[in-house]
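As structure tokens, the structure follows; a few thoughts come after it.
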Amino acid sequence: MNKTSIIYGSLALLLLASCKKNEKLNYLYPEDTKPFFEPAPFGMTYIERGSYVMGAEDDELQNFNTTTKRVSVEAFWMDDTEITNNEYRQFVYWVRDSLARTLLAETFPEFMMTEDRRGNLFENPYLNWHIPIEWRNPDFQIALEELYIPEEERAYFTKSIDPRKFVYSYEWIDFQQAAKRKNRYNFDTQAYEGTVINADGDEVPIENRASFIFKESVPIYPDTLCWIRDYTYAYNEPLTKKYFSHVGFDDYPVVGVSWHQAKAFCHWRTEQMNKYQTLMSAPEVHSYRLPTEAEWEYAARGGHERTLYSWGSYYTRNLPGCFKANFKPRRGNYVADSESSTTTMQVGSFDPNDYRLYDMAGNVAEWTCSAFNEAAYENISDFNPSFEFNSSPGDAPVMKRKVIRGGSWKDVAYYIRNSTRSFEYEDTTKSYVGFRCVRTSFKDEFRQ
């Protein structure tokens with residue numbers, strides 16, 4: 001066999017192999033499949049996968065019985081600022097308008113889409129969002145009567161919409177329970193044989209896949225009274241009346257939001273994003289969610305190891321002597337870090353960390369998805385660590401603790417450290433706790 005024959009034979013084998021490969025790809029994927037590219041989500045920063053030492057700093061180890069652990073986290077996107085009043089208000093308005101359109105559709109059929117352009121009836125009719133709601137229209141007001149505050153409860157005889165009616169309902173899947181070995185589907189018996197803890201906290205037999213689907217209905221209007229409740233003998237009525245609703249506070253972090261409300265916002269944001277993706281014939285994205293405690297600390301450190309604060313330093317001031325975050329310096333001097341505010345400040349008022357994230361220290365503390373447990377670091381995995389617990393209504397308060405991170409405008413310097421962990425109860429609202437979202441990213445090889 002000469003050299004030329006070997007070359008031609010090799011080329012033929014390569015051609016045959018490539019043809020088989022193409023046939024396989026055409027079998028697995030549609031012919032119109034396009035190369036995947038994950039665009040940067042608006043307002044979010046990409047955090048590359050990495051490893052770091054999670055936990056207390058050296059000076060804490062000398063005084064407290066704390067542990068550290070080296071962990072690794074996958075890549076994710078994170079909001080570059082905390083969720084603002086303006087952003088959360090869009091969620092509130094969407095819920096308000098969906099309730100209004102549902103009521104209007106009972107009197108005005110055009111508010112419900114029941115058929116397509118060819119006259120074919122939809123199996124599941126849906127709301128028509130193209131028609132504007134004329135709130136001052138007398139006929140509309142009659143149809144929306146149950147959405148308003150009852151007449152006997154009105155202040156100064158003013159007719160206004162009742163925010164207590166703003167309830168967001170959604171479903172989620174408990175993958176933790178579904179993944180248990182005892183809860184596997186038995187293909188021999190064609191049934192599930194395990195048990196599941198339902199929403200009421202009762203252990204019941206698994207009937208079918210629906211046993212792992214949980215339904216939530218969450219009142220989502222922020223608790224504006226938290227400004228008064230959190231402080232005894234203080235005059236905070238102006239913040240109660242205007243902080244969430246006034247445009248002057250649009251770019252301030254939303255507060256008075258419980259852990260459940262923050263999760264509902266994440267679900268709503270995911271739904272809106274995936275509806276847009278479907279409209280653009282694009283694949284769905286990973287869900288928006290609250291960060292795990294490990295993700296939050298990794299992002300806060302900004303790529304630095306063993307530094308106290310998110311700006312990569314051991315000090316709360318910069319070289320000219322200015323404070324680097326909105327907190328309570330000098331143990332009570334609320335104005336030392338700002339000439340314009342004693343409480344929250346506009347997001348992004350201070351320089352970002354090296355991951356281009358703002359306010360990872362101070363301004364408002366932030367909810368994470370993690371449950372608070374003093375021994376969590378000893379039990380969590382070293383890969384994408386997370387300790388989560390879904391409490392039931394009858395559980396003791398200690399079972400409803402969720403980790404908050406970052407410290408706030410009312411906290412001393414210790415609480416704005418990267419490693420400091422604290423907690424609040426998931427069903428409480430505070431004037432110093434907000435949140436930001438994260439979204440798991442796809443692999444680096446898909447990015448361009």
Top mean-square fluctuation among 289, 269, 136, Gaussian network model of the chain, C-alpha springs under 10 Å?
-> 136
Checked the chain against the a/c 1.5 cut and the a/b vs b/c comparison, axes a ≥ b ≥ c from its Cα gyration tensor; verdict oblate
Environment charge at residue 410 (Cβ cut-off 9 Å; Lys +1, Arg +1, Asp -1, Glu -1) | -1
Taking every DSSP beta bridge that has both residues in the chain, what percent is antiparallel when rounded to the nearest 5?
-> 90 percent
Can you give the accessible area per residue of the chain, in Å², using a 1.4 Å probe?
-> 59 Å²
Leaving out ligands, DNA and RNA, what percent of the accessible area of the stretch 102-214 is carbon and sulfur, probe 1.4 Å?
-> 52 percent
Relative contact order as a percentage, the chain, C-alpha pairs under 8 Å and 6+ apart, gives 20 percent
Magnitude of the Cβ-charge dipole (Lys and Arg +1, Asp and Glu -1) of the stretch 60-174 about the Cα centre, nearest 20 debye, reported as 200 debye
Starting from the stretch 309-410, pick out the GluC sites (Glu not before Pro) whose DSSP state is loop and whose Cβ has at most 16 other Cβ atoms within 10 Å.
-> 339, 374, 388
For the stretch 289-369, the percent of accessible surface on carbon and sulfur atoms (probe 1.4 angstrom, ligands and nucleic acids excluded) is 47 percent
Which of the helices in the chain, when you take each full DSSP H run, stretch at least 24 Å along the axis at their Cα atoms and have an average Kyte-Doolittle score of -0.5 or higher?
-> 3-28, 85-105
Once the other residues with Cβ under 12 Å from the Cβ of residue 437 are scored (Lys, Arg +1; Asp, Glu -1), what is the net sum?
-> -1
Rounded, prolate or oblate: which fits the stretch 240-296 when a ≥ b ≥ c are the square roots of the eigenvalues of the alpha-carbon gyration tensor, with rounded for a/c under 1.5 and prolate only if a/b beats b/c?
-> oblate
Express in nm, to one decimal, how much length is gained between residue 381 and residue 175 on full extension, taking 0.36 nm for each residue of separation and deducting their alpha carbon distance.
-> 72.4 nm
Could you check which residue among 256, 312, 321 shows the biggest mean-square fluctuation in a GNM of the chain with a 10 Å Cα cutoff?
-> 321
Take the alpha-carbon centre of the stretch 123-161, take the same for the stretch 190-266, and report the distance between them in whole Å.
-> 24 Å
Cα gyration tensor, the stretch 51-201 - rounded (a/c under 1.5), prolate or oblate | oblate
Could you pull out which residues in the stretch 96-115 have an amide N less than 18 Å from a spot 7 Å beyond the Cα of residue 140, following the Cα-Cβ vector?
-> 96-113
Would you mind counting up the charge near residue 146? Only other residues with Cβ under 11 Å from its Cβ, with Lys and Arg at +1 and Asp and Glu at -1.
-> -2
When only the heavy atoms of the protein chains count and the probe is 1.4 Å, how do 162, 116, 250 rank by accessible area, highest first?
-> 116, 250, 162
Check residue 326: other-chain or 5+ apart residues with amide H under 5 Å from its amide H, H built from backbone geometry?
-> 363
Loop GluC sites (Glu not before Pro), the stretch 105-154, which have at most 10 other Cβ atoms in a 10 Å radius of their Cβ (DSSP) | 106
Just list whichever of 159/263; 241/430; 69/324; 69/328 have alpha carbons separated by over 26 Å in the model shown.
-> 159/263; 69/324; 69/328
Picking from 69, 430, 328, which is most flexible by a Gaussian network model of the chain using Cα springs under 10 Å?
-> 69
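The values are calculated or read from the model by the stated rules, or taken from the named source; none is laboratory data. If you're wondering where the values come from, they're calculated on a predicted model, not measured in any experiment. No Cβ is skipped: glycine too gets one built from the backbone with ideal geometry, and neighbour counts run over all protein chains shown. Accessible surface areas use protein heavy atoms only, side chains included; no ligands, DNA or RNA. Shrake-Rupley method; radii C 1.70, N 1.55, O 1.52, S 1.80 Å.
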